[in-house]
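*Asks:* The structure follows.
Computed from the coordinates by the stated procedures, all read-outs in this text should not be read as laboratory data. Note that the structure is predicted; figures quoted are calculated from it, not measured. Note: ideal-geometry Cβ built from the backbone for every residue, glycine included; neighbour counts use all protein chains shown.
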Amino acid sequence: MTGYSALSEPVSSTGFLNIFKCMDKLIIIDSCMREESRTRVILDAAKEVLSARYDIETIDVNATGLPPVTPEMLKERTSGNVPENTVALARKIASADRIVIAAPFWDMSFPAVLKAFFENMSLYNVTFTDDGTTCTGLCKCRKVLYITTRGMDIPTGDFRDQGSSYLKALSSLWGLGEVITVAAWNLDYMPVEKVVGKVRETADLARSIAEEF
Ligand SMILES: Cc1cc2nc3c(=O)[nH]c(=O)nc-3n(C[C@H](O)[C@H](O)[C@H](O)COP(=O)(O)O)c2cc1C
């Protein structure tokens, strides 16, 4: 193996030398609930673009199996006992440069399993702390992309849209920065033949936002 040097290998954008490139970290919080999820179609479009610039890790919310915080769990937490894997997940979120959240619109916000996930991740001195007067965020993230689809004719920002308003509030608690919502709505009440086009159009919007994200 005389004269062998890693640097003598051709440099390509997809070559192994990319391992030396330090990419920013992006966490996808995937709370999609159906195999045929339209929300996930839009997520996949954004992910395709984002994967060129970010080191992406996906958290499958359903697979975490985290329950809502019970009185017993709260007692443990107050005594400083939080399961190691919960703390590790919260640290991952706190150290991510960007976060993408994908969830269908359920009961005017998002599935309860995602709220339970947020409850578990909301750990003092990990994702947030306080300054003696109020709570302040500890997360590194500066932008959140929230992807959703709604069955009813509820545009983003409507008072009935409690998904994007909740995530803006959570961002202010954890210090996540700007929350950008990409949504398709009225999917369950438009003619079936229009749904595919609407999802495709929203996926294109997600791709173009991902270029600048
Ligand atoms: C349990 C459940 C609750 C839902 N609640 C609402 C709702 O409150 N408002 C609404 O506009 N659509 C509601 N929908 C419709 C979904 O938001 C819509 O079908 C969405 O596109 C599903 O996303 P998916 O294709 O990614 O699964 C609900 C659907 C389900 C299954």
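*Asks:* Keeping to the stretch 150-165, report how many residues are assigned to a helix (DSSP H, G or I) and touching a Ser or Thr at 6+ places or on another chain (Cβ under 7 Å).
*Replies:* Selection size over the stretch 150-165: 3.
*Asks:* Follow-up question, since we're still on this one. Of all the residues that make up the stretch 166-189, how many are surrounded by 15 or more Cβ atoms within 10 Å (Cβ to Cβ) and part of a loop (DSSP other than H, G, I, E, B)?
*Replies:* Total meeting the criteria: 6.
*Asks:* Restricting the search to the stretch 158-179, which residues are away from the ligand (no atom under 16 Å from the Cβ), among the small types (G, A, S) and out of contact with any Cys (no Cβ under 8 Å at 6 or more places or on another chain)?
*Replies:* Across the stretch 158-179, the qualifying residues are A169, S171, S172.
*Asks:* Somewhere in the stretch 185-205, is a residue of a type in the set (S, T, Y), away from the ligand (no atom under 13 Å from the Cβ) and free of Cβ contacts under 8 Å to residues at least 60 places away in the same chain?
*Replies:* no
*Asks:* Given the options G157, G163, name the one that is out of contact with any helix residue (DSSP H, G or I) (no Cβ under 8 Å at 6 or more places or on another chain) and either within 19 Å of E119 (Cβ to Cβ) or surrounded by fewer than 16 Cβ atoms within 10 Å (Cβ to Cβ) (or both).
*Replies:* G163
*Asks:* If I filter the stretch 98-120 down to residues being more than 16 Å from the ligand (Cβ to nearest atom) and assigned to a helix (DSSP H, G or I), which single residue comes out as surrounded by the fewest Cβ atoms within 10 Å (Cβ to Cβ)?
*Replies:* The residue in question is E119.
*Asks:* Just checking, does the stretch 128-136 include any residue being of a type outside the set (F, W, Y) and surrounded by 17 or more Cβ atoms within 10 Å (Cβ to Cβ)?
*Replies:* Checked against the condition, which is being of a type outside the set (F, W, Y) and surrounded by 17 or more Cβ atoms within 10 Å (Cβ to Cβ), the stretch 128-136 yields no hits at all.
*Asks:* Across the stretch 121-149, which residue is nearest to the chain's Cα centre (by Cα) among those that are assigned to a loop (DSSP other than H, G, I, E, B) and under 18 Å from A46 (Cα atoms)?
*Replies:* The qualifying residue nearest to the chain's Cα centre (by Cα) is C141.
*Asks:* Checking the structure you have, find out if any residue of the stretch 199-211 is over 29 Å from T127 (Cβ atoms), in contact with a Lys or Arg (Cβ under 8 Å, 6 or more places away or on another chain) and either among the aliphatic types (A, V, I, L, M) or not in a loop (DSSP other than H, G, I, E, B) (or both).
*Replies:* yes
*Asks:* Considering the stretch 133-157 alone, what residues qualify as being under 18 Å from V100 (Cβ atoms), in contact with a Lys or Arg (Cβ under 6 Å, 6 or more places away or on another chain) and within 8 Å of the ligand (Cβ to nearest atom)?
*Replies:* T149, the sole residue that qualifies.
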